[in-house]
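The values are calculated or read from the model by the stated rules, or taken from the named source; none is laboratory data. Here the structure is a predicted model, which is why all the values come from computation and not from measurement. Using ideal geometry, Cβ is built from the backbone for each residue, glycine included, and neighbour counts are taken over all protein chains shown. Areas reflect the complete protein model, heavy atoms only, side chains present, ligands, DNA and RNA absent. Shrake-Rupley method; radii C 1.70, N 1.55, O 1.52, S 1.80 Å.
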Amino acid sequence: MFPHHREREQPIFSARAHVFQIDPNTKRNWIPASKHAVTVSFFYDANRNVYRIISVGGTKAIINCTVTPSMTFTKTSQKFGQWADSRANTVYGLGFATEQQLHQFLDKFKEVKDAARLAREKSQDKELANTALTIAAPQFSQSPPVMCVNGPEDKLFRSQSADITLSSEKERIKKMLSEGSICEMNLEAELFTLQDSNSKLVAALHEANANVEQWKKQLVAYQEETERLRDQVSELETHGGHGPSDLLKDELTQSLEELEALLKAKDEEIHILQSKKADYHEMEHDRNEAMHRLREMEMRNSDLERRIQNTEQNLGNSLEDRDRMDTEIQRAIEILDIKIFDLNDLRQSLVKLIDK
């Protein structure tokens, strides 16, 4: 019977979902039929032209429902849908991990329901009666679930730790790169300020140099004028009464003092300009240090970018390996579900033979 059953009924669609049944007492509350997400599959019996929805948790059948044209799968929330099985006198509910999985199951349910309607129109009453014998299935107790693939509990794979490690490393490197970018921006702002101050100092220095040259010429003229006035005073003192009056002498002395005071002020301005020139050299040194730090930060950012690229490449390789492993496990689980259901069917058949 086991080989015959495998050839007769084949899976056509499978999805992972949390299975619920309506509370028979209240008809409102949902009772979980599985602790974890399990595989829910559509099976097609080519000999009898019958479609069934089957889900096996461990070694127990959670869902064993023959699809009829009167059934309707209703989407009640973003990730939850339900349908009623009048022959089993219950309502099944399925909770999916994503809305996309719910829509895929809903589309397949409509397709199977339409196919069942066409099969009923072409089938004989005797075939329908024989089909009814396979509908009822006892409500089995819960048992340890099969390892999940597509449900929320798929995160329990050991590959998750590697993904988390890679993601943490990637976030850490991005944080370092962000901090480096902030430092680089601060250095650029500081460099811009230094360059602006440098430009102002250079302009002031050029202006001061031009003024110094002019002041030097004026100073030489003042010195010549001072020497000339001193010579005149000496000459007047030598000639005594034959020279200008005492009033003229006083005026010349006052002019000489004013020229000396002006010369002293110009000397002080020259010293101030020379000190500003020293400050300019110090600002130039600071600007060179800022440029050096900026180059070091750019080299550090380049190294961080290379590390991020390597991390992203390793992460992509890990994700590809995990996807391949998920596909292989999904295929193995589907085959295992079919075999478990076949074994259960064989067991029930043997029990019936023993009872006879």
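Residues that are assigned to a loop (DSSP other than H, G, I, E, B), in contact (Cβ under 8 Å) with a residue 12 or more places away in the chain and closer than 26 Å to residue 331 by Cα: does the stretch 76-90 have at least one? Scanning the stretch 76-90 turns up at least one residue that is assigned to a loop (DSSP other than H, G, I, E, B), in contact (Cβ under 8 Å) with a residue 12 or more places away in the chain and closer than 26 Å to residue 331 by Cα. In the set 324, 293, 307, only one residue is part of a helix (DSSP H, G or I), surrounded by fewer than 14 Cβ atoms within 10 Å (Cβ to Cβ) and among the charged types (D, E, K, R); that residue is 324. Of the listed requirements (1) closer than 30 Å to residue 39 by Cβ; (2) without any contact (Cβ under 8 Å) to a residue 40 or more places away in the chain; (3) more than 33 Å from the chain's Cα centre (by Cα), residue 323 misses just one: (3). The residues in the stretch 271-285 that are in contact with a helix residue (DSSP H, G or I) (Cβ under 7 Å, 6 or more places away or on another chain) and over 14 Å from residue 199 (Cα atoms) can be counted, and the count is 1. Only one entry of 54, 31, 22 meets the criterion of being closer than 16 Å to residue 334 by Cβ and at pLDDT below 95, and that entry is 54.
Let's see how each residue does on (1) open to solvent by 10 Å² or more (accessible area, probe 1.4 Å); (2) among the β-branched types (Val, Ile, Thr):
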site	(1), (2)
10	yes, no
17	no, no
21	yes, no
24	yes, no
34	yes, no
38	no, yes
43	yes, no
74	yes, yes
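Here is a yes/no grid of residues against (1) within 22 Å of residue 337 (Cβ to Cβ); (2) out of contact with any strand residue (DSSP E or B) (no Cβ under 7 Å at 6 or more places or on another chain):
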| site | (1), (2) |
| --- | --- |
| 33 | yes, no |
| 37 | yes, no |
| 47 | yes, yes |
| 55 | yes, no |
| 66 | yes, no |
| 70 | no, yes |
| 78 | no, yes |
| 81 | yes, no |
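Of the numbered criteria (1) over 21 Å from residue 194 (Cα atoms); (2) over 24 Å from the mean Cα position of the chain (by Cα); (3) among the hydroxyl-bearing types (Ser, Thr, Tyr), the one residue 311 fails is (2).
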